[in-house]
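Presented below is the structure to which this report refers.
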Amino acid sequence: AAALGADLNAPKVTQAKARFEKATETLTAAVRAKPGIKVLACSGSADLFYASNPGKNTDLIYLKELGVEFITPEKLGSDGFFEELSWENADKYKADVLYLDSRTQALQPKDLASKPAWTDLPAVQAGQVVPWASEPRFSYLGCAPILEDLAKAIQNAEKVS
C-alpha cells in the first residue's frame, strides 16, 4: 500500500489496524477461555452439507493459527477443500459451533430450518451458528468484524458435542 502512495499513518488506517489488533487479541482470549470448543466451517446446499477443510482457506488457516479449534474433515474431495456429506450424515462431526458459509449461493439458517438433519445438530439447537464470510477480507477494516463475530460466538459457546 505504501508503494502505491497510501499514507500508512493516516488516522483511518491506524484506527483500522488498532481495531484489527484488538479483535485478534479478543479472539485469542476467547479461545483460551473456552478450551475444547470445536468449530466446524461448513456450508449447506439443497442436497449436501459441506464440511470445510481449515487447512485450505487462508482465513481459516489464520484463525487456526490464532487457536480456533477447527474440525478437519476426514474424506476430502479431490480439491481438498471440503467433504461432501448427505444430509443424513450432517452430524458426522461433533461441533460446538458451526461457522456457516454466508455467501449467497449457500443456504442460510432460515433456509435450512426445514431440514430435520440441520435442526437436529446440537450446535444449531444451542443457537451456536455464526456466519462465515468465506471470501476473506485482506484489510484491517474488512477483517476486524469477522474476528469480532467469531470471538463473540466462542465466548458465548458451550460444549454441546
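The values are calculated or read from the model by the stated rules, or taken from the named source; none is laboratory data. Note that this is a predicted model, so its numbers are computed, not measured. Heads up, the Cβs are rebuilt from the backbone with ideal geometry, glycines too, and the neighbour counts pull from every protein chain shown. Ligands, DNA and RNA are excluded from the accessible area calculation, which covers all protein heavy atoms including side chains. Shrake-Rupley method; radii C 1.70, N 1.55, O 1.52, S 1.80 Å.
Of all residues in the range 96-129, which are among the hydrophobic types (A, V, I, L, M, F, W, C), touching a helix residue (DSSP H, G or I) at 6+ places or on another chain (Cβ under 8 Å) and open to solvent by 10 Å² or more (accessible area, probe 1.4 Å)?
Answer for the range 96-129, where residues must be among the hydrophobic types (A, V, I, L, M, F, W, C), touching a helix residue (DSSP H, G or I) at 6+ places or on another chain (Cβ under 8 Å) and open to solvent by 10 Å² or more (accessible area, probe 1.4 Å): Ala113, Ala117, Val124, Val129.
For Ile154, only one of the following conditions fails: (1) surrounded by 16 or more Cβ atoms within 10 Å (Cβ to Cβ); (2) at pLDDT below 95; (3) touching a helix residue (DSSP H, G or I) at 6+ places or on another chain (Cβ under 8 Å). What is its number?
Only one criterion is unmet by Ile154, namely (2).
Does Leu85 satisfy the condition of being within 13 Å of the chain's Cα centre (by Cα), modelled with pLDDT of 95 or more and not in a loop (DSSP other than H, G, I, E, B)? Can you show your working first?
Working: within 13 Å of the chain's Cα centre (by Cα): no; modelled with pLDDT of 95 or more: yes; not in a loop (DSSP other than H, G, I, E, B): yes.
So Leu85 does not fit the description; no.
Report the residue count in the range 86-104 for those that are farther than 18 Å from Leu60 by Cβ and either in contact with a Lys or Arg (Cβ under 6 Å, 6 or more places away or on another chain) or of a type outside the set (Lys, Arg) (or both). Break it down stepwise before answering.
Kept after step one, since they are farther than 18 Å from Leu60 by Cβ, are these residues of the range 86-104: 86-92, 94, 104.
So of that shortlist, the ones also either in contact with a Lys or Arg (Cβ under 6 Å, 6 or more places away or on another chain) or of a type outside the set (Lys, Arg) (or both) come out as 86-91, 104.
Here the count works out to 7.
For Arg137, work out the one condition from (1) at pLDDT 95 or above; (2) touching a Cys at 6+ places or on another chain (Cβ under 8 Å) it doesn't fulfil.
(1) is the only condition that Arg137 fails.
Which condition does Ala41 not pass, out of (1) at pLDDT below 95; (2) closer than 21 Å to Asn156 by Cα, if it passes all the others?
Unmet condition: (1).
Of the residues in the range 40-55, how many are in contact (Cβ under 8 Å) with a residue 60 or more places away in the chain, in a strand (DSSP E or B) and more than 11 Å from the chain's Cα centre (by Cα)?
Qualifying residue count for the region: 2.
For Lys38, indicate whether it is open to solvent by 50 Å² or more (accessible area, probe 1.4 Å), within 30 Å of Asp79 (Cα to Cα) and of a type in the set (D, E, K, R).
Here the answer is yes, as Lys38 does meet what is asked.
Among (1) closer than 12 Å to Val68 by Cβ; (2) out of contact with any Gly (no Cβ under 6 Å at 6 or more places or on another chain), which single condition is Ala3 missing?
With respect to (1) closer than 12 Å to Val68 by Cβ; (2) out of contact with any Gly (no Cβ under 6 Å at 6 or more places or on another chain), Ala3 is out only on (1).
Could you identify the single residue in Ala133, Ala144 that is surrounded by fewer than 19 Cβ atoms within 10 Å (Cβ to Cβ) and of a type in the set (Gly, Ala, Ser)?
Ala133
So which pairs qualify, if the first residue must be in the range 56-67 and closer than 16 Å to Tyr140 by Cβ and open to solvent by less than 60 Å² (accessible area, probe 1.4 Å), the second must be modelled with pLDDT under 95 and among the polar types (S, T, N, Q), the Cβ gap must be under 8 Å, and the two must be at least 6 apart or on different chains?
Asp59/Ser134
For every residue, the table says whether it meets (1) touching a residue at least 40 places away in the same chain (Cβ under 8 Å); (2) closer than 16 Å to Asn57 by Cα; (3) not in a loop (DSSP other than H, G, I, E, B).
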site	(1), (2), (3)
Ala106	yes, no, no
Lys110	no, no, yes
Trp118	yes, no, yes
Ala123	yes, no, yes
Gly127	no, no, no
Glu135	no, yes, no
Phe138	no, yes, no
Gly142	no, no, yes
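Any idea how many residues of the range 1-18 are open to solvent by 100 Å² or more (accessible area, probe 1.4 Å) and not in a loop (DSSP other than H, G, I, E, B)?
At the first step, the residues of the range 1-18 found to be open to solvent by 100 Å² or more (accessible area, probe 1.4 Å) are 3-4, 9, 12, 15.
This time we only want the ones that are not in a loop (DSSP other than H, G, I, E, B), so: 12, 15.
Summing the residues that are open to solvent by 100 Å² or more (accessible area, probe 1.4 Å) and not in a loop (DSSP other than H, G, I, E, B) in the range 1-18 gives 2.
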